[in-house]
Every structure is written in structure tokens, then in C-alpha cells.
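A.B. asks: Supplied in C-alpha cells, the structure appears directly below.
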Amino acid sequence: MPDRNDAALDFLMTRRSRPAKTLVAPAPDREQLTELLTAAARTPDHGMLVPFRFVILEKSAMPRLADLVTKAGTRLNKSAEDITKGRTQFEQSQLAVAVVESQKQSAKVPAIEQTYTAGAVCLSLLNAALAAGWGANWLSGWASHDAGFCAEAFDLKEGERIAGLIHIATEGPRPAERPRPALDTITRWVSE
């Protein structure tokens, strides 16, 4: 029998993201965040290409980012409701990590696998934050898919994109458990 890590399995069976709007100060300091980033960077990475990087968004940067959302929303003719929702993500945030997908040229590793790695980094960072006792949430939002906003907000280069914005701070009210998929409806066993 393989060696079990029951604590890790219990965590994975009970983990629950915390709504970003319920996260409160304090957020992790640089040393605490470095530990979480180190865990996230251990994500499976075919070819060891490291097709991701981190942009740390501290509380003092949030007003500028919220204003950039308004600017982008106006340029894109977004509704007032969409702009407000986009702004709120930054206005309420204590700390966020933008996980940037930064693909590398490779004859061996398809682009889609590099995308999967960047997404896995988001989940690993989210889980590391939750396992360390922080509240955390993985968001994106319309602004994070706009090249103009991303270039100005995060200094993204051509070919880069946001895989996710991981908000991390102290857990506020715990959300109720939500329904999970019934495994028998999403699983198929192949025996031959």
C-alpha cells in the first residue's frame, strides 16, 4: 500500500474558497506570501518551461487598478454595473496575486499544456493559501481579459495573459458549503 497523507486528503476533501468580498485585513506579509508562491511554483510543468510569472498587487496599488477598470470599461462601452463590479474586485482587495501565463516557444510542449500549467499554478496558490489558514479566492473578470487593461495594469507583454487573480487575506465569514457534482454523472470507467 502507498503511504497515505490523510491530513492532505482531508484538506482537499473539505477545502472551500472564500468569497473575495469577505476577505479582510491583514493579508500575508512578504515572507508569508513567498512561502505560498514557492508552493504554487511546484506545479507540474511539462518541459520545465515555467510558462507563468507572478505580479503581486498590494493594497496601495488597488485604487490605481480600480481607476484603470473604469478607463477600460468606458473604452469598451461596458455597463455601469459591469464597471462597478470590476472596480469592486480591486477596491475591496487587501492583496492579490496576478498569475500571468507567459508561454515559451517549444517544439515539444504544446501551448495548451502551458495554459494548463498556468491554471494549475492558480489552483496551487489558492490551495496553499487556504492550507496556510488564509482566506483566498480565484477570480478573473472582464478587465483581466482585456489586453489594454492588462498591459497598463500589470505590464503584460505581447502573448501574455492573466490566468487568474488570487485574492488572499484573512478569512471573514465562512460561506455555506455548496453542492458538488455527483461523481456518477461525470465519471466513466474504461476496463478494456
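A.B. asks: Of all the residues that make up the stretch 91-138, how many are acidic (Asp, Glu) and open to solvent by less than 30 Å² (accessible area, probe 1.4 Å)?
C.D. replies: Of the residues in that region, 1 qualify.
A.B. asks: Just wondering, is there one or more residues in the stretch 118-135 that are more than 18 Å from LEU37 (Cβ to Cβ), modelled with pLDDT of 95 or more and out of contact with any strand residue (DSSP E or B) (no Cβ under 8 Å at 6 or more places or on another chain)?
C.D. replies: Within the stretch 118-135, none of the residues are more than 18 Å from LEU37 (Cβ to Cβ), modelled with pLDDT of 95 or more and out of contact with any strand residue (DSSP E or B) (no Cβ under 8 Å at 6 or more places or on another chain).
A.B. asks: Further, regarding this structure: What's the number of the condition ASP146 fails, among (1) over 28 Å from GLU31 (Cβ atoms); (2) open to solvent by less than 10 Å² (accessible area, probe 1.4 Å)?
C.D. replies: (2) is the only condition that ASP146 fails.
A.B. asks: So which pairs qualify, if the first residue must be in the stretch 72-95 and under 16 Å from HIS145 (Cβ atoms), the second must be open to solvent by less than 50 Å² (accessible area, probe 1.4 Å) and outside any helix (DSSP H, G or I), the Cβ gap must be under 7 Å, and the two must be at least 6 apart or on different chains?
C.D. replies: Final answer for the pair search is ALA72/ASP146; LEU76/ASP146; GLY86/GLY141; GLN89/GLY141.
A.B. asks: Of the residues LEU36, LEU65, which is touching a helix residue (DSSP H, G or I) at 6+ places or on another chain (Cβ under 7 Å), closer than 27 Å to ILE112 by Cα and of a type in the set (A, V, I, L, M)?
C.D. replies: Selected residue: LEU36, the only one of LEU36, LEU65 that is touching a helix residue (DSSP H, G or I) at 6+ places or on another chain (Cβ under 7 Å), closer than 27 Å to ILE112 by Cα and of a type in the set (A, V, I, L, M).
A.B. asks: A follow-up question, please. With respect to ARG161, is the statement that it is loosely packed, with under 13 Cβ neighbours inside 10 Å and of a type in the set (D, E, K, R) true?
C.D. replies: no
The values are calculated or read from the model by the stated rules, or taken from the named source; none is laboratory data. This structure is a prediction, so every number in the text was calculated from the model and none was measured. All Cβ positions, even for glycine, are placed from backbone atoms using ideal geometry, and neighbour counts span all protein chains on display. Note: areas computed on protein heavy atoms with side chains; ligands, DNA, RNA excluded. Shrake-Rupley method; radii C 1.70, N 1.55, O 1.52, S 1.80 Å.
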